[in-house]
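First comes the structure, then the notes that go with it.
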């Protein structure tokens, strides 16, 4: 009976040793994965910082002004170009002959009206 109990205890001890070995193996794998993810996070944060610095460089007002002067043919705003809200209706250009009036901007709706 003592031999049977000793044998069971030895088997239990071997099973626990195997379980602990597996647990340690998985925990080391998890540690490596955590280290890999931390390195990736660090790399992404550095890249975000670099992109923010580049964005700040590209959106500098002096740079945008120089590009606008070089590529856009802009003239300075004249005081007579500024109008109030009451004057907007008088300054809207008339519809030319090539555009349909605002009511006829729905060609599918017009076709459906013709079918009925």
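Each value in this text was obtained by applying a stated rule to the coordinates, not by laboratory testing. Source: prediction; values computed, not measured.
Things to note:
- On a per residue basis, the convex hull of the C-alpha atoms belonging to the stretch 1-65 measures out at 42 Å³.
- Counting only DSSP H runs of at least 4 residues, each contributing -39500 (n - 2.57), and dividing by the residue count of the chain, the helix-based mean residue ellipticity at 222 nm comes to -24000 deg cm²/dmol.
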